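The values are calculated or read from the model by the stated rules, or taken from the named source; none is laboratory data. In this text, all values refer to a predicted model and were calculated from it rather than measured experimentally. Here the Cβ positions follow ideal geometry from the backbone for every residue, glycine too, while neighbour counts run over all protein chains shown.
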4 protein chains.
Amino acid sequence: MTLGVGVIGTGVMGAEHVRLLREETAGAALVAVCDADAARATAVAGDAAAFTDPLALIADDGVQAVVIASPDATHAGLTLACIAAGKPVLCEKPLAPSADEALRVVEAEVAAGRRLVTVGYMRRFDPAYAAMKQALDGGAIGAAVLLHNIHRNAAAPDWFTGAMAVTNSFVHEIDISRWLLSAEMTTVQVHAAPGGDPLLITMETDAGQIVSTEVFMNAAYGYHVHAQLVGRDGTVEMAPPTTTLTNRALHHGHQWPENWVPRFRDAYRIQMNAWVRSCTVGPPVGASAWDGYLATAIAEQVVAALATGARTALSLATPPDLYR
Amino acid sequence: MTLGVGVIGTGVMGAEHVRLLREETAGAALVAVCDADAARATAVAGDAAAFTDPLALIADDGVQAVVIASPDATHAGLTLACIAAGKPVLCEKPLAPSADEALRVVEAEVAAGRRLVTVGYMRRFDPAYAAMKQALDGGAIGAAVLLHNIHRNAAAPDWFTGAMAVTNSFVHEIDISRWLLSAEMTTVQVHAAPGGDPLLITMETDAGQIVSTEVFMNAAYGYHVHAQLVGRDGTVEMAPPTTTLTNRALHHGHQWPENWVPRFRDAYRIQMNAWVRSCTVGPPVGASAWDGYLATAIAEQVVAALATGARTALSLATPPDLYR
Amino acid sequence: MTLGVGVIGTGVMGAEHVRLLREETAGAALVAVCDADAARATAVAGDAAAFTDPLALIADDGVQAVVIASPDATHAGLTLACIAAGKPVLCEKPLAPSADEALRVVEAEVAAGRRLVTVGYMRRFDPAYAAMKQALDGGAIGAAVLLHNIHRNAAAPDWFTGAMAVTNSFVHEIDISRWLLSAEMTTVQVHAAPGGDPLLITMETDAGQIVSTEVFMNAAYGYHVHAQLVGRDGTVEMAPPTTTLTNRALHHGHQWPENWVPRFRDAYRIQMNAWVRSCTVGPPVGASAWDGYLATAIAEQVVAALATGARTALSLATPPDLYR
Amino acid sequence: MTLGVGVIGTGVMGAEHVRLLREETAGAALVAVCDADAARATAVAGDAAAFTDPLALIADDGVQAVVIASPDATHAGLTLACIAAGKPVLCEKPLAPSADEALRVVEAEVAAGRRLVTVGYMRRFDPAYAAMKQALDGGAIGAAVLLHNIHRNAAAPDWFTGAMAVTNSFVHEIDISRWLLSAEMTTVQVHAAPGGDPLLITMETDAGQIVSTEVFMNAAYGYHVHAQLVGRDGTVEMAPPTTTLTNRALHHGHQWPENWVPRFRDAYRIQMNAWVRSCTVGPPVGASAWDGYLATAIAEQVVAALATGARTALSLATPPDLYR
């Protein structure tokens, strides 16, 4: 019953997935690792098989399921190869660099006739977001009317461009807002502070709800993701993400992480366990290829709306039956 | 050196001002109370003089300074009478029901040549807002780029209409945002949830800052005002407004007040002490007539922007030298 | 109806009382200030009368009530002079350096036949303690069974000796615990960390309740007073004493004050307003001379118990009828 | 490399261990389940082997490691059987019902010459306790001087007797306090509220530190475990154990669990993963048999000290070399 998993890519996320499969995932065995750098592949693989060609890893008989954590530009092509091979795949976000390419993955999966793709929008497995959704769906706060999101990075990487605040960071809020509200976005609008950072992005849903998101790439003080869901009877929001509070040098409080890894470590672990389990006993879990398409397609249109500053109606494909 | 103060109006706020003057204000004596209902005026006045005609109170020689807490429609007229009498006046917000009328008060004060009017935007004296401004002005969070405001009422009064969410409630955020940021608003835009409640109002300042405000008149769970100021180096926000935390019946936390009075009791007290002191030793404190005009003028244009849904440039008068 | 108040002593607390009387107290006028240093007395007095002899201030006809904030050793003698003059007095804690001397003040007040003395155990007026007592007395947490107190100073003054942790600091917890629980202490016991700091002091009440207090004179990180009251149905404790929370440099939280003044500023103000009001319209407020005796008498026996380490039954005088 | 694990007992904890091994533990396979009730054993076992005789499970060749979650009275005997079989064992606390029996387990392990026993004091794996220990050991708060523990249950089970507050509940604080402080307890003393609940238990360590623990079996409001570690430079304590905060019906805050399972779910999972890993790649993790002996031995002497009320020096065996 142990699932043989191959991991493509050994960067920050690839290495974390390898660690999770080895140390914290039930019912899985790491059987293959791929990296363009053969020495790196071998070093990370340990007693698993090492590959430099990702297509060879996907084709390998011992590999029953694939994790894709290679550079973004390769995601769509490798996911298509997994679909062709009939193997379940957990692909890091984004599913593709453009909505058109993402839609081709969707179409291939539809043609294959069954769900094989999970996109790694791991926030759906974060205990805080899960508790918020449970509160909403359980009726604790009444009908949702407004969602406040905050997404702050300590500092944008050097290679970040303005659009990446949307296509790389804000895509998380697109996915998690759709998931939390069980609703689809219909309009977007962007206000930008001087220099284009932070952005304040306002979306509306097909149920008339408002989704407000601050995306601040250079918030300086630390990595901080927050969400508050406002309902007609009450609200639910994230508690401070810490296990301890410290008093020291006139200060009371807690520390922020410098990046997203510590904040979402549990989410990645829970996602991996749920995905491995879904590969063996089903049903599919997490964000689908269709969810991946929508995140990318909406992000593209947010970038366009950033240029005009106007409230913009979204134009999106029709969801295939496979995802209903 | 004791200041003789007369209070016009004995409703919720008038009665609170009377109490503050009697029990918690240094250097003041309550010398007169006015209410259209003579019995009510006498009952509240105690050993102070009772009036039914507010103009008679203003004219009375024992009254050195006036607090106006009568119905909104009377504010501008009574404030003009105080200016004419040369007596300092603390007028409850709003200064006037329309921007035009507010501007007439401004013009009268300019003509009088000296500052006599304080408008009771008491949040400027709230310890939490004051600490936020001190943090910003002291450089603790770097240059301000974004301000998140939340203004939730448990339930709108029966007589509330949609526009009142703006003209009665949101005016507070207009004033406090200008004060916190030391900036002027240039554009407004409104997103509305189904039924027009809550509103999400976005303003931009002449320094390019973004001010986002949720106004929720029927938030159900309690009265809750929150603000978070985001700077380039950090943020400062209100702490939970409570002195104690309770564990009981599986619950940890604190209670919300049902309305604004407990939340801003300290602000009203500090405002009254500061105003009384300013009447005797100057300089003027709190929101000026000009600030009162701006709050009302911006609110009017937010109401118009609510109808169009579009980002709207504000059109405002030029500030007279008296307020610089 | 304005009460003429004279203040003896112009140190940290004397200067604060002068400020409170001038700026934040209703119905009072500062009419006299006394300091052994004539220049200092004159400087602080402003347009009030300046004295170098405290007995002269007490005797002065314009002085209707007296605040004693001179060195501890003078408290009992000056309080006796106020009783002799028949003038209400607010005396800073401790009432006297020994239980015997405190008892003489009690006896003098009993002989005078009416309550004239308030001892400045200001915590009784702190909004957090007041809300805790209200929660207990209102039945919100059931019958009290345990009280956890924490009393931490950033650093003990140079002139502090071991016993002062008890006689100068812990006396506050003796008074506030009696007041919160409406109970009398019956036993004490002390555990001491290496070097005698911190102390963990356990008291039992006549209702069988346990009072546990950490007194840490050199807690390094700041001035921090905390209390949690445990009842059979729930608990109530102090919330963090701050109006704002800050994110900066990877840190979330609030700052501690360096000493007690900012923490208890509101308590001193409320105490002064309540005392001034009680001087004109009664009844007596705050800690009585008897309360002052008990705090000092229990502290003396805690010092003795510190030496033995054993659980020690308290030996206390019988309360005169005047204080029932 | 997969470890075949057998679980003895299918009560609350046994069922949870079975679930953890199936769903959240890496490198382990559930191969056997034992319960005196054959039908229950079969139902829980699924496709694993079902046993009614625990000794048969321990002897089974497919069972490489054993989890003991049967009734307390059986722990020592079954652990001895595992030692005899040379198989690693994770035994739920307590290790034995008496210090003498616990010592026999220690002696058997010493005779076996290697560490096979882990006692399930799972708090050592709780992220909050782990972060506190890391803060202390990393120097963030200076040398530890005092530890405040709070251990509150909503309600004691019907079958609870007074001593069980110590032997069943307080044993957790004995173990975690030793572990946090890396110190040994030397004295104990107990104060009891009316009815014997809550208890306030004070221990001292061989480094002169003070450990204060409230044990309240009928705290009514929920299950709540808290710890604050006080050092010479600062303090570290548990943050509220919640991922979300809710506003509803005038209330802000979070919910307490009704018992320990949700609070320590992560700790049990991390313990199980660490123990499985230690069984295959070593070294031993968690509380040893010697730790288990000390918890039980100290608890016995706390029960005695409860009867006398006096500060009591602990009398404990000498640690064998195996545990150094």
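For the reader, a short list of remarks on this structure follows.
- Of the numbered criteria (1) assigned to a loop (DSSP other than H, G, I, E, B); (2) away from chain A (no Cβ under 14 Å), the one D:Ala26 fails is (2).
- Of the residues making up region A:202-216, those that are of a type outside the set (A, V, I, L, M) and either part of a strand (DSSP E or B) or under 21 Å from the mean Cα position of the chain (by Cα) (or both) are A:Thr202, A:Glu204, A:Thr205, A:Ser212, A:Thr213, A:Glu214, A:Phe216.
- For region C:305-324, filtering for residues that are in a helix (DSSP H, G or I), surrounded by 15 or more Cβ atoms within 10 Å (Cβ to Cβ) and away from every other protein chain (no Cβ under 14 Å) leaves 2.
- Scanning region A:148-177 for residues that are in contact with an Asp or Glu (Cβ under 9 Å, 6 or more places away or on another chain) and under 22 Å from A:Ser288 (Cβ atoms) yields A:Asn149, A:Val166, A:Thr167, A:Asn168, A:Asp175, A:Ile176.
- Of all residues in region D:151-175 being in contact (Cβ under 8 Å) with a residue 24 or more places away in the chain and among the acidic types (Asp, Glu), the one that is farthest from D:Val215 (Cα to Cα): D:Asp175
- Boolean, C:Gly113 is in contact (Cβ under 8 Å) with a residue 40 or more places away in the chain, farther than 26 Å from D:Gly309 by Cβ, crowded, with 24+ Cβ neighbours inside 10 Å and small (Gly, Ala, Ser): no
- The single residue among B:Ala287, B:Ala297, B:Ala274, B:Ala313 that is among the hydrophobic types (A, V, I, L, M, F, W, C) and more than 18 Å from the chain's Cα centre (by Cα) turns out to be B:Ala313.
- For region A:132-155, the candidate set comprises residues that are part of a loop (DSSP other than H, G, I, E, B) and within 14 Å of chain B (Cβ to nearest Cβ); within that set, the residue that is surrounded by the fewest Cβ atoms within 10 Å (Cβ to Cβ) is A:Gly139.
- For region A:145-158, the condition holds for at least one residue, the condition being that it is modelled with pLDDT under 95 and aliphatic (A, V, I, L, M).
- Of the set (1) at the interface with another protein chain (Cβ under 9 Å from one of its Cβ atoms); (2) within 30 Å of B:Leu116 (Cβ to Cβ); (3) not charged (D, E, K, R), all apply to B:Thr280 but (1).
- In the set (1) surrounded by fewer than 23 Cβ atoms within 10 Å (Cβ to Cβ); (2) more than 14 Å from chain D (Cβ to nearest Cβ), A:Thr213 fails one condition alone, (1).
- Subset of region C:178-194 [within 14 Å of chain D (Cβ to nearest Cβ) and outside any strand (DSSP E or B)]: C:Leu181, C:Ala183, C:Ala193, C:Pro194
- Residue that is nearest to the chain's Cα centre (by Cα), among those in region A:217-243 that are in a loop (DSSP other than H, G, I, E, B) and among the hydrophobic types (A, V, I, L, M, F, W, C): A:Met217
- Members of region A:235-253 that are out of contact with any helix residue (DSSP H, G or I) (no Cβ under 7 Å at 6 or more places or on another chain), within 28 Å of A:Gly139 (Cα to Cα) and surrounded by 22 or more Cβ atoms within 10 Å (Cβ to Cβ): A:Thr235
- Residue that is nearest to C:Ser278 (Cα to Cα) [pool: residues in region C:11-28 that are surrounded by fewer than 24 Cβ atoms within 10 Å (Cβ to Cβ) and of a type outside the set (A, V, I, L, M)]: C:Gly27
- As a summary of the residue check, A:Thr280 satisfies the conditions (1) closer than 30 Å to B:Ala193 by Cα; (2) among the polar types (S, T, N, Q); (3) part of a helix (DSSP H, G or I) except for the one numbered (1).
- Criterion (more than 30 Å from B:Arg263 (Cβ to Cβ), surrounded by fewer than 21 Cβ atoms within 10 Å (Cβ to Cβ) and facing chain D (nearest Cβ under 9 Å)) met by exactly one of C:Asp197, C:Asp206, C:Asp158: C:Asp197
- A search for C-beta distances below 8 Å between a residue of region C:229-243 that is at the interface with chain B (Cβ under 7 Å from one of its Cβ atoms) and any residue that is among the polar types (S, T, N, Q) and in a loop (DSSP other than H, G, I, E, B), counting only pairs 6+ apart in sequence or on different chains, returns C:Met238/B:Thr243; C:Ala239/B:Thr242; C:Ala239/B:Thr243.
- Candidate set from region C:244-257 (those that are in a loop (DSSP other than H, G, I, E, B) and either over 10 Å from A:Tyr221 (Cα atoms) or among the acidic types (Asp, Glu) (or both)); member that is farthest from the other protein chains (Cβ to nearest Cβ): C:Pro257
- Candidates A:Val276, A:Val281: the one that is surrounded by fewer than 18 Cβ atoms within 10 Å (Cβ to Cβ) and in the same structural domain as A:Leu90 (by TED's automatic domain parsing) is A:Val281.
- Failed criterion for D:Ala304 (all others in (1) under 21 Å from the mean Cα position of the chain (by Cα); (2) of a type outside the set (S, T, N, Q); (3) not assigned by TED's automatic domain parsing to the domain that holds D:Gly86 hold): (1)
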